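Step one of this worksheet: look at the structure below.
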């Protein structure tokens, strides 16, 4: 049975939690918008896939996670990294291919990871993450840590065998796992309304014996509530959950994608549907947070991103001595 | 008549000419048209790097977009090939073979042998390989040696637009499973390509350049790297014979051996990582079959035994370049016991 949560309430969030959530979402947005601009200058190498517009998902889910928990991400992984606490400056340096980066310049945008934060990496392989999360959830269960594993994946990956096998395995083993299907409407240039042969990805949960939930991805509170229930169930031994977060991808599949397949829809989405605007309106209208405090975060985040870019540009590149290190622990 | 077109255009033309000639040829893959189910343009991409662009409208119903489900659609191409179609499936990046390898190496490759010669599986799996685009560890590998290792697969690694077109047409007409490896940094490379349809037979190497001093066997994009080195070496009096095998399976052993019997010296240039790659394979062949002709140890110029690094500073060191090839050639040319 699939439930839809669209008018969620979130009673447990105090002012500090709200400010932290806003800071995370604003950081992701500023990080991605800055990359969009910097990529256009030609200074950023390789393929970059931006998460802008989807901030409520990573933030709403990761707000429930702590050091025991691990996540796996996608090629569109910057938001998950930031929400799980990966250092923003090290991320920026990584994207610039610098030695000071999260992966010393060896990984790049598609492979940013920080195992110390429980972040198992952005991933260049569609559907690469869900099996790994069965493993991290198994480790948490066997070791009795109380930890959970969260696999973020896209609508494209929802059609991969690895994902479907993982959903089944997680149920069979009753794993503390949460599968977050981020349906942003497009796998590359292909609409999920075409590629997903069901009304909703979450409908597939029934076939794997787990609860399936659909949430409005522009509503932080809806994501937060659904994720809270799923994480609690997982921690208590109640098994996995599939959450489908629906929203619209703001930018192209990759930077440089002309998006001739979508046209006007993009601009409309960006004007009307914005998790940050909705969050701000809600918390200021209810009087939970003073707008000035949100403005202050905007400024702090802008300064952080400026500094991150400046430091990344100035940082040294790896050298020949780094080429053949890190392949094995010992050999 | 030949005109100058790109590697991408040569492939597109080969696909179009074969689809025109034989209606059993179909094309399928992720965004091979692009824009399925979307409100905007149809055929928005023509594949992620545009190789199949335009085929969707020209051949209605014969260019199929797929969900991101490599096992299913590569397997479907293989199954369809056993039942009268000649599918050309695009496995976007060769790195994604990891997702669907069973369908290729346990299914397609083995059908003919394990069914006692009764099966034909005329499928082509097009795939992009190679480093140079800062595409990092999971989008940059040169994995053609892995396919070459598997009996039952034919493996094509075209080094120029001319090779790309003739080998693609041959691949589509061939009745075995063919892994067609396109270097992603070569799509804009241009060269003279006949407008008319033509084929290049498998297992026939191309002697790209004649020379009596050192034999250089180079694979795929490494052919142009070897040519660059050869031009420089020629100015210092070393004449290199460059051999492009064009297909790594079947491999034209005879042309390689004949050349080494003449030069007595061999350098193999392979973008793949150094263990169990084409460089080791060809070196072993020559060491076994032409040992008496060798006048110097064989040199292999390959990537290091590492994943492909992201940073440009490291990736540029990772990819074999003309300087490394030239150094290897000088080393074997100047070797004395």
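The values are calculated or read from the model by the stated rules, or taken from the named source; none is laboratory data. These numbers were taken from a predicted model, which means no experiment stands behind them. No Cβ is skipped: glycine too gets one built from the backbone with ideal geometry, and neighbour counts run over all protein chains shown.
Criterion applied to A:158, A:166 was being under 18 Å from the mean Cα position of the chain (by Cα) and within 14 Å of chain B (Cβ to nearest Cβ), and the one residue passing it is A:158. Taken together, the residues in the range B:54-87 that are part of a loop (DSSP other than H, G, I, E, B) and more than 10 Å from chain A (Cβ to nearest Cβ) amount to 9. Return yes or no: is residue A:322 on the phi > 0 side of the Ramachandran plot, over 25 Å from the mean Cα position of the chain (by Cα), within 14 Å of another protein chain (Cβ to nearest Cβ) and surrounded by 13 or more Cβ atoms within 10 Å (Cβ to Cβ)? In short, no. Across the range B:1-53, the qualifying residues are those that are closer than 17 Å to residue A:194 by Cβ and outside any loop (DSSP other than H, G, I, E, B), and the one among them that is farthest from the other protein chains (Cβ to nearest Cβ) is B:28. Restricting attention to the range A:123-133 and to residues that are more than 10 Å from chain B (Cβ to nearest Cβ) and surrounded by 24 or more Cβ atoms within 10 Å (Cβ to Cβ), the residue that is nearest to residue B:92 (Cα to Cα) turns out to be A:129. Yes or no: the range A:139-147 includes at least one residue that is within 14 Å of chain B (Cβ to nearest Cβ) and in contact (Cβ under 8 Å) with a residue 12 or more places away in the chain. No, because not a single residue in the range A:139-147 is within 14 Å of chain B (Cβ to nearest Cβ) and in contact (Cβ under 8 Å) with a residue 12 or more places away in the chain. Of everything in the range B:107-137, what is in a helix (DSSP H, G or I) and under 18 Å from the mean Cα position of the chain (by Cα)? Give them in sequence order. B:109, the sole residue that qualifies. Scan the range B:316-337 for residues that are within 20 Å of the chain's Cα centre (by Cα) and within 14 Å of chain A (Cβ to nearest Cβ) and jot them down. If the condition is that a residue be within 20 Å of the chain's Cα centre (by Cα) and within 14 Å of chain A (Cβ to nearest Cβ), then B:318, B:319, B:320, B:321 are the ones that fit. Scanning the range A:171-180 for residues that are touching a residue at least 24 places away in the same chain (Cβ under 8 Å) and either over 12 Å from residue A:230 (Cβ atoms) or assigned to a loop (DSSP other than H, G, I, E, B) (or both) gives A:171, A:173, A:174, A:175, A:176. Annotation: of all residues in the range B:191-229 being in a helix (DSSP H, G or I) and in contact (Cβ under 8 Å) with a residue 24 or more places away in the chain, the one that is surrounded by the fewest Cβ atoms within 10 Å (Cβ to Cβ) is B:228.
For the range B:6-20, the tally of residues that are out of contact with any helix residue (DSSP H, G or I) (no Cβ under 8 Å at 6 or more places or on another chain) and over 18 Å from residue B:64 (Cα atoms) stands at 1. When the residues of the range A:191-231 are filtered to those that are more than 20 Å from the chain's Cα centre (by Cα), assigned to a helix (DSSP H, G or I) and within 14 Å of chain B (Cβ to nearest Cβ), which remaining residue is farthest from residue A:64 (Cα to Cα)? Of everything passing the filter in the range A:191-231, A:194 is farthest from residue A:64 (Cα to Cα). Condition check for residue B:60 on (1) surrounded by fewer than 22 Cβ atoms within 10 Å (Cβ to Cβ); (2) touching a helix residue (DSSP H, G or I) at 6+ places or on another chain (Cβ under 9 Å): one failure, at (2). On inspection, residue A:151 fails the criterion of being over 30 Å from residue A:320 (Cα atoms), free of Cβ contacts under 8 Å to residues at least 12 places away in the same chain and either away from chain B (no Cβ under 14 Å) or not in a helix (DSSP H, G or I) (or both). Taken together, B:299, B:315, B:289 contain a single residue that is surrounded by 17 or more Cβ atoms within 10 Å (Cβ to Cβ), on the phi < 0 side of the Ramachandran plot and free of Cβ contacts under 8 Å to residues at least 60 places away in the same chain, which is B:299. Looking across B:302, B:273, one residue alone is at pLDDT 95 or above, under 16 Å from residue B:327 (Cα atoms) and within 14 Å of another protein chain (Cβ to nearest Cβ). It is B:302. Considering only residues that are buried (at least 20 other Cβ atoms within 10 Å of the Cβ) and either more than 22 Å from the chain's Cα centre (by Cα) or at pLDDT below 95 (or both), look in the range A:232-251 and name the one that is nearest to residue A:168 (Cα to Cα). Filtering first and then ranking leaves A:247.
Scan the range A:110-121 for residues that are under 18 Å from residue A:44 (Cβ atoms) and either surrounded by fewer than 24 Cβ atoms within 10 Å (Cβ to Cβ) or more than 8 Å from every other protein chain (Cβ to nearest Cβ) (or both) and the total you get is 2.
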